[in-house]
1. Checking the structure you have, find out if any residue of region 66-74 is out of contact with any strand residue (DSSP E or B) (no Cβ under 7 Å at 6 or more places or on another chain), closer than 21 Å to residue 21 by Cβ, surrounded by fewer than 18 Cβ atoms within 10 Å (Cβ to Cβ) and free of Cβ contacts under 8 Å to residues at least 40 places away in the same chain.
2. Using the structure shown, decide if residue 26 is assigned to a helix (DSSP H, G or I) and either touching a residue at least 60 places away in the same chain (Cβ under 8 Å) or in contact with a strand residue (DSSP E or B) (Cβ under 6 Å, 6 or more places away or on another chain) (or both).
3. Taking region 88-119, which residues are out of contact with any strand residue (DSSP E or B) (no Cβ under 9 Å at 6 or more places or on another chain) and surrounded by 11 or more Cβ atoms within 10 Å (Cβ to Cβ)?
4. Can you name the condition, by its number, that residue 137 falls short on among (1) closer than 20 Å to residue 24 by Cβ; (2) touching a strand residue (DSSP E or B) at 6+ places or on another chain (Cβ under 7 Å)?
5. Can you find a residue in region 95-105 that is closer than 16 Å to residue 50 by Cβ and either free of Cβ contacts under 8 Å to residues at least 24 places away in the same chain or more than 14 Å from the chain's Cα centre (by Cα) (or both)?
6. Only residues that are on the phi > 0 side of the Ramachandran plot and in contact with a helix residue (DSSP H, G or I) (Cβ under 8 Å, 6 or more places away or on another chain): list them for region 79-130, please.
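All of the numbers you see were taken from the coordinates with simple rules; none came from a lab. Remember, predicted model here, so these are calculated numbers, not experimental data. Neighbour counts run over all protein chains shown; Cβ positions are idealised from the backbone, glycine included.
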């Protein structure tokens, strides 16, 4: 179900500032962090997928979302691993692993090794970097290939 034919050209910063909210721009383009428990998706329990707010590239599924108690949306794994890349982050006087989107190079959040078994991964992601596509809108939004994930 991966989207190997994804093509995206990142807009110039002025275009992004016009298209995104101030918080979305700060988080995705300046490695910002939104407040815990005060963001759109930390407590979202609806079925669907999460895509990059800048590019629309598929990132995570509600099927892999869990309540980490952190106040940010947390996932055990990416839905489309090819759309995620990780890099060392030495900011804030600590060693962390930053998570960025592949095509838009948006800052998404961080990944930690304290998630639930069996993977023990916790992708702690800023809601401001995401757009949620509910299950019922997957087809109309162009993500119909992901409907099969939610069929029982």
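1. The answer is yes, given that some residue of region 66-74 is out of contact with any strand residue (DSSP E or B) (no Cβ under 7 Å at 6 or more places or on another chain), closer than 21 Å to residue 21 by Cβ, surrounded by fewer than 18 Cβ atoms within 10 Å (Cβ to Cβ) and free of Cβ contacts under 8 Å to residues at least 40 places away in the same chain.
2. Here the answer is yes, as residue 26 does meet what is asked.
3. Selection gives 119 alone.
4. (2)
5. yes
6. Across region 79-130, the qualifying residue is only 109.
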